[in-house]
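Contents: one structure, followed by commentary.
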2 protein chains.
Amino acid sequence: MRDAYHEELDSILMDLAEMTNSVGSAMASATTALLDVDLELAQKVIDEDGSIDRVYHQIEMRAFDLIARQQPVASDLRTLVTSLRMVADIERAGDLALHVAKVARRRYPLSSVPPAMRSTILEMGQVAQLIMTKCGDVIRTRDVDLAHELERDDDAMDELHRRIFGQILDLNVGLEVAIDITLVGRYYERFADHAVSVARRVVYLVTGELAS
Amino acid sequence: MRDAYHEELDSILMDLAEMTNSVGSAMASATTALLDVDLELAQKVIDEDGSIDRVYHQIEMRAFDLIARQQPVASDLRTLVTSLRMVADIERAGDLALHVAKVARRRYPLSSVPPAMRSTILEMGQVAQLIMTKCGDVIRTRDVDLAHELERDDDAMDELHRRIFGQILDLNVGLEVAIDITLVGRYYERFADHAVSVARRVVYLVTGELAS
């Protein structure tokens, strides 16, 4: 039977995984808002970032309290300190969803996404949500193979990121669109990086080895 | 007299401050490389990022060891856990200097910076170095007033960031330049954000209050 202390430790990890769901959904909504020029949905993503931040501070406080009160042994301490790093990555990914939503809002009622780039942006949004969802699964299951799968998803994101720069040039888009798409591409790419970073930390907890 | 444990704690903070110097210098060199189309200097910044990463891992390991071995009391524990967060911010700022250097290298022998934008990029590089230098001073002195000064420097960076988007449009630059400058502008702006974030953590250590 687990004692109250280990239950709290598990509960922190489950809340971290839950947080990846919120952040993944935020990025999906931000992508839809961007593609559909949906001001209301963009505003919803912007408004809800505050609740992601509140969860972040709660998890941070609980992990810190547990370290301070329980003087955990090495492996539990490593889990708690690592969870402090993971929560910061996930919160930052949430900020990036917020940034995508802000781009959608800024150009309203115009669209930042030329028709010929819609599918690339859609794919970036889908890979972003998928990689964050898998990141949550990695936290829940501590599945090292799944964590490695995220590296391949991240390669797909990098490929999309390169493609989008090519499209900006090939389509000879206007400068405002070029700025928006360059920023948005960067937001998706960083979002995926944060998911990978969290997955790597889980691998580190399981194997004791830091991925390069 | 300080015991060995508190000496190690101080030493970690001093090494953090030292790391801000390396990172600030890296951004200054990257800016020069970008403005002067200096491939050798760009390569130097890229090569030296590895040593910043090594210092990062060393500081991380030492802070972690100290938590694990010494079961520190609340305030020391807070300092150590916070130093783990600070070192991650400073390392990430180093990555952003690396990214600026990579833009310089990618376009070589062409320049990414149109003559009319040189002074803005130069100012962004200068504010970046100054804010990171002050960040090191805040770590060393725990001077809360100085920490607040960084917020104003960050406002200046945000103003430069806005100016650069205006210049992209007003100068009607080419799309490759628009992409490069949009990315570089973002790198400087994030670099300053990381310095501010570190300074806020110091304020938190001193006052127990998290800045919004």
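Every number here is computed from the coordinates shown, using simple stated rules; none is lab data. What you are looking at is a predicted structure, and each value in this text was computed from that prediction instead of being measured. A quick note on method: Cβ atoms are made from the backbone with ideal geometry, for glycine too, and the neighbour counts reach across all protein chains shown.
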Problem set entry | Alpha-carbon Rg with Dmax, taken over the protein assembly as shown, Å | 21.5, 69
Exercise. Say a label goes 7 Å from Cα toward Cβ at residue A:209 in every copy; what distances in nm does this one have to the rest, shortest first?
Worked result: 4.8
Exercise. If the cut-off is 22 Å between C-alpha atoms, which lysines fall inside it for residue B:44, apart from same-chain ones fewer than 8 positions away?
Worked result: B:102
For this session: Please report how far the C-alpha centroid of the range A:186-207 lies from that of the range B:19-48, rounded to the nearest whole angstrom.
Result: 27
For this session: Give, rounded to the nearest 20 debye, the magnitude of the charge dipole that the range A:4-207 has about its Cα centre when Lys and Arg contribute +1 at Cβ and Asp and Glu contribute -1 at Cβ.
Result: 380
Seminar exercise, completed: In degrees rounded to 10, the 0-90 angle between helix A:74-107 Cα long axis and the longest Cα principal axis of chain A is 20
Seminar exercise, completed: Per GNM of chain A with C-alpha springs under 10 angstrom, the most fluctuating residue out of A:56, A:188, A:108 is A:108
Problem set entry | In degrees, nearest ten, helix B:175-207 long axis to first principal axis of chain B (Cα) | 20
Problem set entry | Normalised convex hull volume, the range A:4-207, alpha-carbon set, Å³ per residue | 94
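Could you grab the relative contact order for chain A? Cα pairs under 8 Å, six or more apart, rounded to a whole percent.
Value for chain A: 28 percent.
If the range A:110-212 were replaced by its equivalent ellipsoid, with semi-axes equal to the square roots of 5 times the Cα gyration tensor eigenvalues, what would those be, largest first, whole Å? Kindly include the intermediate steps, with their values, before the conclusion.
Numbers: eigenvalues 201, 26, 19 Å².
Equivalent ellipsoid of the range A:110-212: 32, 11, 10 Å, largest first.
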Problem set entry | Selected from A:71, A:167, A:43 as most flexible by GNM, with chain A as the system and alpha-carbon contacts under 10 Å | A:71
